[in-house]
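Participant: Structure below; questions to follow.
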Amino acid sequence: MTGKLAAAFVLALLGAAASAQSVDDRPWLLPDPIIVIDPYAGNAVNWKAVKTDPHVKAVIHRALYGMRPDARYRERAVEARRQGLLYGIYLLGLPGDPIAQADALVEAGKAINARFLALDIENLDPKRSMTIPDALRFLHRVQARTGHYATLYVNYSTYRHISDRYAANPLLRRTPLWIARFRPTHGMTDHRIWPRYTLWQFSSEINCRPGASCLYRVPGTQADMDVNVFNGDAAALRAAFE
């Protein structure tokens, strides 16, 4: 094979590999993905190093663990914005009063001028996590107070549970979906509520270990950092955060 033919063959292979990527299949490998990290106080972050990755555009920091504030979300709002990153916050929903938790998140957002708000439902155990009926009360409260719909973070099992039992719910149909799925594809086959995801968390300590080959590593962070891809363009991302 001549040099020119070999080069053409390699380029063709690279093109075929790139074309295999889509918003539903390893979108973090697309030529220009929009990457979002979602740390909490326990995650180490070097913000200047994070900014060296041109694909990282936004941060969604944990602001509250139920009613308990995260120790670093305020200072990190300043640090992240200093690097030109968009900044939002989330609350990890716990058993208890969902209205009080919603109000706490709204007030936390006001305190740092964060428009993007999210509710994290970690599992379906009512002893460990906010229930789905209470999550609906939470989401309604945030919308009533801010005029915007908070984003809902769920794992795949919870996504399936909600899709099976709440398909006719009008509030959920307006609620952006943030799905956690640590595989090359997200597996969203039920589109009755959500035709598409808004954010997909694809990497965390669950599938990324120190020294291992991970799906995506953000400079300035460690293997335990939660890494997400945004399903949209830069204008859509900015509209969600500003």
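Every number here is computed from the coordinates shown, using simple stated rules; none is lab data. This one's a predicted model, so the numbers in the text were calculated from it and none came from an experiment. Note that each Cβ is placed from the backbone with ideal geometry, even for glycine, and that neighbours are counted across all protein chains shown.
Participant: Could you tell me the calculated FRET efficiency between residue 235 and residue 81, based on Cβ-Cβ distance and R0 = 25 angstrom, to the nearest 0.05? Walk me through the intermediate numbers first.
Facilitator: Values: r = 19 Å, r/R0 = 0.76.
With R0 = 25 Å, the Cβ-Cβ based efficiency is 0.85.
Participant: Need the C-alpha centroid separation for the stretch 139-154 versus the stretch 48-69, integer Å.
Facilitator: 19 Å
Participant: Relative contact order of the stretch 105-242, please, whole-number percent, based on alpha carbon pairs below 8 angstrom and at least 6 residues apart. Walk me through the intermediate numbers first.
Facilitator: Numbers: 191 pairs, mean separation 26.7, N = 138.
Normalised by residue count, the contact order of the stretch 105-242 is 19 percent.
Participant: Moving to a separate point now. Compute the angle between helix 98-112 and the longest alpha-carbon principal axis of the chain, please, reported from 0 to 90 degrees and rounded to the nearest 10.
Facilitator: Here the helix axis deviates by roughly 60 degrees.
Participant: Tilt of helix 156-165 relative to the longest C-alpha principal axis of the chain, in degrees (0 to 90, nearest 10)?
Facilitator: Its long axis makes an angle of about 60 degrees.
Participant: Let me ask something additional. Could you tell me what % of all Cα pairs in the chain have separations over 23 Å?
Facilitator: Summing the P(r) tail past 23 Å for the chain gives 51 percent.
Participant: Something else: For helix 73-82, report the angle its Cα long axis makes with the longest principal axis of the Cα atoms of the chain; keep it between 0 and 90° and round to the nearest 10°.
Facilitator: Approximately 40 degrees, to the nearest ten.
Participant: Based on the mean of other beta carbon atoms within 10 Å per residue, what is the order of 93-104, 161-172, most packed first? Before the final figure, lay out the partial values.
Facilitator: Numbers: 93-104: 18.7, 161-172: 14.7.
So the peptides 93-104, 161-172, ranked by packing, come out 93-104, 161-172.
Participant: Compute, for the chain, the length of the dipole vector about the Cα centre, with Cβ point charges of +1 (Lys, Arg) and -1 (Asp, Glu) only. Units Debye, rounded to 20.
Facilitator: Result for the chain is approximately 260 debye, rounded to the nearest 20.
Participant: Using 0.36 nm per residue of separation minus the Cα-Cα distance, give me the extension gain between residue 68 and residue 110 in nm, one decimal.
Facilitator: 13.5 nm
Participant: Separation between the residue 123 and residue 217 pseudo-spin-labels, each 7 Å from Cα along Cα→Cβ, expressed in nm?
Facilitator: 3.0 nm
Participant: Right, here's the next one. So what is the relative contact order of the chain, in percent, for Cα pairs below 8 Å that sit 6 or more residues apart? Can you show the working numbers first?
Facilitator: Details: 429 pairs, mean separation 49.3, N = 242.
Here the relative contact order equals 20 percent.
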